[in-house]
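Here is the structure we will look at.
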Amino acid sequence: MAIIQNVKGMRDHLPTDMMLRQYIVTTLTRISESRGFEPLQTPIIEYAETLEGKLGDDEKLIYRFEDHGGRRLALRYDQTVPLARVTAQYAGQLALPWRRYAYGPSYRGERPARGRYREFYQFDLDIVGSSSPLADAEIVAMLCEALTALGFPDFVTLLNHRQIIGGIARVSGLSEEAASGVYRAIDKFDKIGADGVRAELLKSGVDAAAADRILNLVQIDGAPADVLAALEQQLADDRRAIAAIANLRAVIAGLTAMGVPASQYRVAPRLARGLSYYTGVVFEAITPHWPEGSLLGGGRYDDLIGLFAGRNIPTVGLAFGIDRLHDVMLELNLGPRPRTTAVAFVTLFGPEQVADSLALATELRAAGINTLIALEPGNLGKQFKEADRRGVRFALVLGPDELTRNEVVIKDLQRGEQRSLPRAAIASLLAEALTEGK
RNA sequence: GUGCCUGUAGCUCAAUGGCAGAGCGCCUGACUGUGGAUCAGGAAGUUGUGGGUUCGAGCCCCAUCAGGCACCCCA
């Protein structure tokens, strides 16, 4: 007996969901290509060794297996490590800086929950081979542009820099080793609050004075310029943090020059982000409608590609979580909700009219109108019902009367209006209705 | 990976340990050149799966699978 069930954490995406998902991907693709980003696709399967050693603790979530030839393989954990591999492998062919986008599934053997799946789709944007703050700004600007285009009413992009967090840890007298526990604790600030973070810090061995200092710094809030000025004062002794603050200032200047509204981003010293390969600017977008975590996030990782390439290739990138974007858009009722891909439904009046009706459908498709045909001639009521149920807006009838007059009956099932028009006029009328609908 | 909650028709959910039901959806017809509304009828279930307790289990117990929540972590 066959098992009729999805593998844990793996989902089917039925047409209704797919149409919204494709809208999201199409929107992101358009934004990417408008800035000259180029598409890349890599295999879902990599050598396990390629993925190992880049992810820290998360490595235990990698799906590993052996193929028929005894090779140690793994399903990709994200699209960033494969990008690093490609950049190193095709170093001679890729002109840097290189802007690349990629869309596809990745796999993590986590316990599934809402918005968290073992197979999940990401849309990645990266600028490979530039350390310019304008590269960081461009990625963040695209993030804001994308969420705006998708119709998100109230998202905020939180910005921070790894060396600001590092500086906070260092001026609080913590070692590099203790710092990672600090990152994890402060990253939870929005979830567990100041007291919760304090408790976590104490638990991970930070003394009370240092914990208070950290909490103090991490809670600095306000306009980006003010936050950075306050941090500059507090972290004056830490050269790396000061450089990071200057870097963030340059990024923000870029955002302003690129026309990103100031309401769409904030500097948040408490933002840490988990992935261990980030080295510079980090950011994530949050919305009150998704308390479970970030919608998407990214940052600068200047060392990762070097592990493959053998030379330093600074890179900044971003990953949209398509599954989460889709789930939130469903809840907020954002984006279009087509029920079908077809605009017109050509009925089959009777066996004698099949050939003419199919020819009509071909004409419409040639004119760019997505057209569905009935498969059983006769019983128009049933055919109209099918068109309506499918959510196709226009039903067309080519019966004996219409054929002698060289006309077509077109019924707008949405409005309930029906007209008989010259056959030649149908395509342009449908095309018109299409553009009006947008 | 740990703890807790849930699983009944396609969907949303009822059913004190005692005959498995409703609404929506679906199919047929009223309506052989027209969908939606209305009316009439119909199909639909191994109660996630496998064991156990009981005269009797959708309900209680054990296991297992899947989903959700909190940890952990992250998209």
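Here are the numbers:
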| quantity | calculated |
| --- | --- |
| Low-density loop positions, chymotrypsin sites (Phe, Trp or Tyr not before Pro), segment A:1-101 - DSSP coil, at most 14 other Cβ in 10 Å | A:90 |
| Percent carbon-and-sulfur accessible area, chain A, ignoring ligands, DNA and RNA, probe 1.4 Å | 51 percent |
| Candidates A:359, A:427, A:199, ranked by Gaussian network fluctuation over chain A, Cα under 10 Å, top entry | A:359 |
| Residue among A:421, A:334, A:94 with the largest mean-square fluctuation in a Gaussian network model of chain A, springs linking Cα atoms under 10 Å | A:421 |
| Contour excess over end-to-end distance, with Cα ends at residue A:11 and residue A:195 and 0.36 nm allotted per residue | 62.4 nm |
| Mean separation of Cα contacts under 8 Å, 6 or more apart, over the residue count of segment A:344-433: relative contact order % | 29 percent |
| Global geometry of segment A:23-152, whether rounded, prolate or oblate, following the gyration tensor of its Cα atoms and the 1.5 cut on a/c | oblate |
| Cβ-based charge dipole, chain A, positive-most Cα from A:193, A:140, A:257 | A:193 |
| Length-normalised contact order of segment A:392-438 in % [C-alpha pairs under 8 Å, at least 6 apart] | 29 percent |
| Shape category assigned to chain A from the gyration tensor of Cα positions, a/c cut at 1.5 | prolate |
| Vicinal HN-Hα couplings computed from phi for segment A:246-262 (Karplus, 6.51 cos²θ - 1.76 cosθ + 1.60; Hz; Gly/Pro x) | 4, 4, 5, 4, 5, 4, 5, 4, x, 4, 4, 5, 7, x, 6, x, 4 |
| Dipole of chain A [Lys/Arg +1, Asp/Glu -1 at C-beta], most positive-end residue of A:222, A:235, A:416 | A:416 |
| Qualifying trypsin sites (Lys or Arg not before Pro) in segment A:306-413, DSSP loop, other Cβ atoms within 10 Å at most 11 | A:311 |
| Solvent-accessible area per residue for chain A (1.4 angstrom probe, square angstrom) | 48 Å² |
| Taking chain A and dividing mean pair separation by its residue count, relative contact order in percent (alpha carbons under 8 Å, at least six apart) | 16 percent |
| Amide H partners (placed H, <5 Å) of residue A:350, local residues excluded | A:378 |
| Net charge contributed by nearby residues that have their C-beta within less than 12 Å of residue A:160 (K/R +1, D/E -1) | +2 |
| Net lengthening on full extension, residue A:339/residue A:47 (0.36 nm per residue, minus Cα-Cα) | 101.1 nm |
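The values are calculated or read from the model by the stated rules, or taken from the named source; none is laboratory data. Owing to the predicted nature of the structure, the values given are computational and were not obtained by experimental measurement. We place every Cβ from the backbone using ideal geometry, glycine too, and count neighbours over all the protein chains shown. Only protein heavy atoms, including side chains, enter the accessible area calculation; ligands, DNA and RNA are left aside. Shrake-Rupley method; radii C 1.70, N 1.55, O 1.52, S 1.80 Å.
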